[in-house]
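A.B. asks: A single structure is presented below for examination.
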Amino acid sequence: MIIRNANLNDLEAIYNIEIACFPPNQAATSTTLFERLHAYPLHFWVLEENGEIRGFINGMLTNFDTVKDEMFKNVDLHDSNGSWQSVFGLAVTPEFQKFGYGSILIHHLIQVSKQNNLKGITLTCEKHLIPYYEKFGFINAGQSESKHGGDTFYDMKYFISNN
């Protein structure tokens with residue numbers, strides 16, 4: 001098993017996982033994923049096992065400590081000097097869910113964010129996922145202003161102690 005930065009050759013596999021894991025109103029389009037891979041490839045990781053992508057995690061760097069709706073579609077908002085790692089998607093192929101792959105990806109993101117001396121990690125999630133992220137040390141910062149896909153989300157923040 002390896003975690004590596006995604007590249008444009010991974011687009012089809014990533015898109016297939018995206019549409020299998022997110023409802024249509026929340027799933028990124030193939031074009032959006034292409035733009036993310038192009039704009040911030042160092043912040044888009046895949047977990048690969050036996051030569052197949054099992055899951056991914058991605059998001060831009062920003063100076064906002066919450067995810068804003070416009071960030072999901074506008075890759076120009078990526079700030080390579082940003083102090084917060086955002087997360088737009090954590091997804092694992094459905095048949096490989098519940099085997100810890102998502103946890104491995106989150107731990108990788110935390111490790112990389114610490115190595116890069118960031119202030120923290122920010123993401124949004126639905127209410128039922130709050131306990132999942134809390135077990136990694138994320139703090140529920142309340143209902144998000146984000147209405148991505150027309151749904152209700154909660155802001156989750158992971159503070160890196162070295163800042």
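A.B. asks: Tally up the residues in the range 114-132 that are hydroxyl-bearing (Ser, Thr, Tyr) and closer than 13 Å to Val67 by Cβ, please.
C.D. replies: Selection size over the range 114-132: 2.
A.B. asks: Right, here's the next one. Would you please name the residue that is nearest to Tyr158 (Cα to Cα), looking only at residues in the range 34-60 that are of a type in the set (A, V, I, L, M) and in contact with a His (Cβ under 6 Å, 6 or more places away or on another chain)?
C.D. replies: Looking only at the range 34-60, we keep the residues that are of a type in the set (A, V, I, L, M), and these are 37, 39, 42, 46-47, 53, 57, 60.
From the residues that got through so far, the ones that are in contact with a His (Cβ under 6 Å, 6 or more places away or on another chain) too are 39, 60.
Details: Ala39: 24, Met60: 15 Å.
The residue in question is Met60.
A.B. asks: Can you find even one residue in the range 15-38 that is in a strand (DSSP E or B), more than 27 Å from Ala141 (Cβ to Cβ), within 14 Å of the chain's Cα centre (by Cα) and aliphatic (A, V, I, L, M)?
C.D. replies: First, pick out the residues of the range 15-38 that are in a strand (DSSP E or B): none.
Within the range 15-38 (the criterion being in a strand (DSSP E or B), more than 27 Å from Ala141 (Cβ to Cβ), within 14 Å of the chain's Cα centre (by Cα) and aliphatic (A, V, I, L, M)), the answer is no, since none of the residues qualifies.
A.B. asks: Of all residues being out of contact with any Lys or Arg (no Cβ under 9 Å at 6 or more places or on another chain) and among the small types (Gly, Ala, Ser) in the range 49-62, which is surrounded by the fewest Cβ atoms within 10 Å (Cβ to Cβ)? Just the residue, please. Don't jump to the end; show me each part of the working.
C.D. replies: We begin by selecting, within the range 49-62, every residue out of contact with any Lys or Arg (no Cβ under 9 Å at 6 or more places or on another chain); these are 49-57, 61.
Now narrow it down to the ones that are among the small types (Gly, Ala, Ser): 51, 55.
Numbers: Gly51: 6, Gly55: 25.
Per the criteria, the residue is Gly51.
A.B. asks: Only residues in the range 27-51 that are closer than 18 Å to Asp69 by Cα and of a type in the set (Lys, Arg) count as the first member; pair them with residues that are at pLDDT below 95 and in a helix (DSSP H, G or I), Cβ under 7 angstrom, at least 6 apart or cross-chain, and list the lot.
C.D. replies: These pairs meet every condition: Arg36/Val75.
A.B. asks: May I ask you to verify whether Asp65 is touching a Leu at 6+ places or on another chain (Cβ under 8 Å), surrounded by 14 or more Cβ atoms within 10 Å (Cβ to Cβ) and over 24 Å from Ile17 (Cα atoms)?
C.D. replies: Working: touching a Leu at 6+ places or on another chain (Cβ under 8 Å): no; surrounded by 14 or more Cβ atoms within 10 Å (Cβ to Cβ): yes; over 24 Å from Ile17 (Cα atoms): yes.
No: the conditions fail for Asp65.
A.B. asks: Do we have any residue at all in the range 118-128 that's of a type in the set (Val, Ile, Thr), at pLDDT 95 or above, buried (at least 20 other Cβ atoms within 10 Å of the Cβ) and part of a helix (DSSP H, G or I)?
C.D. replies: Step one: of the range 118-128, the residues of a type in the set (Val, Ile, Thr) are 121-122, 124.
After this cut, where a residue has to be at pLDDT 95 or above as well, the list is 121-122, 124.
Okay, now just the ones that are also buried (at least 20 other Cβ atoms within 10 Å of the Cβ), so 121-122, 124.
Checking which are part of a helix (DSSP H, G or I) leaves us with none.
No.
A.B. asks: Among the residues of the range 69-106, write down those that are in a helix (DSSP H, G or I), closer than 19 Å to Glu35 by Cβ and open to solvent by less than 20 Å² (accessible area, probe 1.4 Å).
C.D. replies: So in the range 69-106, the residues in a helix (DSSP H, G or I) come out as 69-72, 75-77, 94-96, 101-106.
Checking which are closer than 19 Å to Glu35 by Cβ leaves us with 69-72, 75-77.
Residues satisfying the conditions are Met71, Phe72.
A.B. asks: Condition first: under 19 Å from Lys68 (Cα atoms) and assigned to a helix (DSSP H, G or I). Now tell me which residues in the range 134-163 satisfy that.
C.D. replies: Initially, the range 134-163 is screened for residues under 19 Å from Lys68 (Cα atoms), giving 138-159.
Correct list: His148, Gly149, Gly150.
A.B. asks: Still on this model: For the range 10-24, name all the residues that are of a type in the set (A, V, I, L, M) and at pLDDT below 95. Talk me through it step by step, then tell me what you get.
C.D. replies: Going residue by residue through the range 10-24, those that are of a type in the set (A, V, I, L, M) are 11, 13-14, 17, 19-20.
Those that are of a type in the set (A, V, I, L, M) and at pLDDT below 95: none in the range 10-24.
A.B. asks: Continuing with this model, one more query. Of Glu70, Glu126, Glu95, which residue is of a type in the set (Asp, Glu) and touching a strand residue (DSSP E or B) at 6+ places or on another chain (Cβ under 8 Å)? Step through it out loud before you land on a result.
C.D. replies: Details: Glu70 fails: touching a strand residue (DSSP E or B) at 6+ places or on another chain (Cβ under 8 Å); Glu95 fails: touching a strand residue (DSSP E or B) at 6+ places or on another chain (Cβ under 8 Å).
Going through Glu70, Glu126, Glu95 in turn, just one is of a type in the set (Asp, Glu) and touching a strand residue (DSSP E or B) at 6+ places or on another chain (Cβ under 8 Å): Glu126.
A.B. asks: Kindly indicate which of Asp79, Asp10 is touching a residue at least 24 places away in the same chain (Cβ under 8 Å) and over 14 Å from the mean Cα position of the chain (by Cα). It would help to see each step written out before you state the result.
C.D. replies: Numbers: Asp79 fails: touching a residue at least 24 places away in the same chain (Cβ under 8 Å).
Exactly one of Asp79, Asp10 is touching a residue at least 24 places away in the same chain (Cβ under 8 Å) and over 14 Å from the mean Cα position of the chain (by Cα), namely Asp10.
A.B. asks: In the range 6-33, what residues are farther than 21 Å from Thr124 by Cα and open to solvent by 60 Å² or more (accessible area, probe 1.4 Å)?
C.D. replies: Those that are farther than 21 Å from Thr124 by Cα and open to solvent by 60 Å² or more (accessible area, probe 1.4 Å): Asn7, Leu8, Asn9, Glu12, Asn16, Thr31.
A.B. asks: Every residue in the range 134-151 that is more than 20 Å from Ala28 (Cα to Cα), touching a strand residue (DSSP E or B) at 6+ places or on another chain (Cβ under 8 Å) and open to solvent by 20 Å² or more (accessible area, probe 1.4 Å), please.
C.D. replies: Going through the range 134-151, the residues more than 20 Å from Ala28 (Cα to Cα) turn out to be 134-143.
Now drop any that are not touching a strand residue (DSSP E or B) at 6+ places or on another chain (Cβ under 8 Å), which leaves 134, 136-143.
Within the range 134-151, Glu134, Phe136, Gly137, Ile139, Asn140, Ala141, Gly142, Gln143 meet the criteria.
The values are calculated or read from the model by the stated rules, or taken from the named source; none is laboratory data. Keep in mind that what you see is a predicted model, and the values were worked out from it rather than measured. Note that we place each Cβ from the backbone using ideal geometry, even for glycine, and neighbour counts take in every protein chain shown. Only protein heavy atoms, including side chains, enter the accessible area calculation; ligands, DNA and RNA are left aside. Shrake-Rupley method; radii C 1.70, N 1.55, O 1.52, S 1.80 Å.
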